[in-house]
Amino acid sequence: MSRDSVIQPFLAQVRAIHERGIDRAALQQIIVLLEVLAERRELFNFERFPAPVAATGETQFRYRLNDDGESPTLYVNSLLPGKATLPHNHETWAIIVAVEGQELNRVYRREDDGSDPARARLALEREIVVQPGTPVAFLGEDLHGIRVEGDKPTLHFHLYGRPLESLENRYGVKDDGSVVNYNKSQMAPSIEAYGL
């Protein structure tokens with residue numbers, strides 16, 4: 001069975017939910033579907049989606065699994081231990097479900113009113129270790145940062161309401177509270193792995 005023959009029906013179900021409107025309850029419905037997909041280890045594993053090799057200087061590979069314009073877009077991410085991000089938003093809804101490995105997600109809330117576009121004051125709301133059986137979901141303005149700890153790489157699904165490559169208004173927040181551009185120009189290109 002090809003990956004595409006599994007991914008396309010999954011995406012059709014996600015699109016049906018997406019078209020009705022996304023709220024936290026809808027994200028939970030999509031999580032259930034994505035967790036079923038994550039159980040297909042014969043299709044989604046390190047053999048098919050290799051992790052970066054630390055000696056090359058790469059810390060992350062992002063494999064794009066569909067190319068449907070503005071519709072929900074599915075990726076497989078592999079991150080090496082030590083990989084971390086600034087707290088950032090997604091501009092669209094996002095779900096992370098683990099196939100293998102652990103990723104610490106720190107979820108933040110903004111405590112300022114957003115009136116100064118160059119500054120933000122964040123407070124840590126909670127920490128979630130995303131691993132098999134423990135997903136996380138975000139609406140577009142939710143903020144989180146990640147860190148991969150331990151000694152094993154991750155292999156996680158990342159599903160977004162729109163392709164990462166189309167997002168222009170994402171932002172990140174540095175430790176000092178300064179706001180930085182966090183859009184597609186800051187990312188390494190995805191590895192195209194669709195239609196297989």
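The values are calculated or read from the model by the stated rules, or taken from the named source; none is laboratory data. No experiment lies behind these values; they were computed from the predicted model shown. Cβ: placed from backbone, ideal geometry, glycine included. Neighbour counts: every protein chain shown. Side chains are part of the model used for accessible areas, which takes the heavy atoms of the whole protein and leaves out ligands, DNA and RNA. Shrake-Rupley method; radii C 1.70, N 1.55, O 1.52, S 1.80 Å.
Do we find that F10 is among the hydrophobic types (A, V, I, L, M, F, W, C), in a loop (DSSP other than H, G, I, E, B) and surrounded by 14 or more Cβ atoms within 10 Å (Cβ to Cβ) in this structure?
Working: among the hydrophobic types (A, V, I, L, M, F, W, C): yes; in a loop (DSSP other than H, G, I, E, B): no; surrounded by 14 or more Cβ atoms within 10 Å (Cβ to Cβ): yes.
The answer is no for F10.
Counting only residues that are within 25 Å of A118 (Cβ to Cβ) and in a loop (DSSP other than H, G, I, E, B), which one in the range 156-169 is least open to solvent (accessible area, probe 1.4 Å)? Break it down stepwise before answering.
Looking only at the range 156-169, we keep the residues that are within 25 Å of A118 (Cβ to Cβ), and these are 164, 166-169.
If we keep only those that are in a loop (DSSP other than H, G, I, E, B) as well, we get 167-169.
Values: L167: 0, E168: 91, N169: 110 Å².
Per the stated criteria, the residue is L167.
Take the conditions under 20 Å from A51 (Cα atoms) and out of contact with any strand residue (DSSP E or B) (no Cβ under 7 Å at 6 or more places or on another chain) and apply them to P189. Does it pass?
It is true that P189 is under 20 Å from A51 (Cα atoms) and out of contact with any strand residue (DSSP E or B) (no Cβ under 7 Å at 6 or more places or on another chain).
Only one entry in P135, P87, P153 is over 28 Å from I17 (Cα atoms) and buried (at least 19 other Cβ atoms within 10 Å of the Cβ), namely P153. If you go through the range 59-71 one residue at a time, do you hit one that is in contact with a Ser or Thr (Cβ under 7 Å, 6 or more places away or on another chain), in a loop (DSSP other than H, G, I, E, B) and open to solvent by less than 50 Å² (accessible area, probe 1.4 Å)? Yes, the range 59-71 has at least one match. Taking first residues from the range 39-66 that are under 25 Å from E149 (Cβ atoms) and partners that are open to solvent by less than 70 Å² (accessible area, probe 1.4 Å) and acidic (D, E), the Cβ contacts under 8 Å between residues at least 6 apart in sequence or on separate chains come to N45/E100; F46/E100. Of the residues examined, V32 is one that is exposed (fewer than 15 other Cβ atoms within 10 Å of the Cβ), part of a helix (DSSP H, G or I), modelled with pLDDT of 95 or more and not polar (S, T, N, Q).
Here R48 qualifies as surrounded by 14 or more Cβ atoms within 10 Å (Cβ to Cβ) and either among the hydroxyl-bearing types (S, T, Y) or out of contact with any helix residue (DSSP H, G or I) (no Cβ under 7 Å at 6 or more places or on another chain) (or both).
Sort out which residues of the range 98-127 are without any contact (Cβ under 8 Å) to a residue 24 or more places away in the chain and open to solvent by 20 Å² or more (accessible area, probe 1.4 Å), and write them in order of number.
Step one: filter the range 98-127 for residues without any contact (Cβ under 8 Å) to a residue 24 or more places away in the chain, giving 111-116, 123-127.
E111, D112, D113, G114, S115, D116, L124, E125, R126, E127 - these are the residues of the range 98-127 that are without any contact (Cβ under 8 Å) to a residue 24 or more places away in the chain and open to solvent by 20 Å² or more (accessible area, probe 1.4 Å).
Inside the range 170-196, residues that are farther than 25 Å from V6 by Cα, within 16 Å of the chain's Cα centre (by Cα) and part of a loop (DSSP other than H, G, I, E, B) make up a count of 5. Select from the range 57-102 the residues that are among the polar types (S, T, N, Q) and at pLDDT 90 or above and list them in ascending order. Within the range 57-102, T59, Q60, N66, T73, N77, S78, T85, N89, T92, Q102 meet the criteria.
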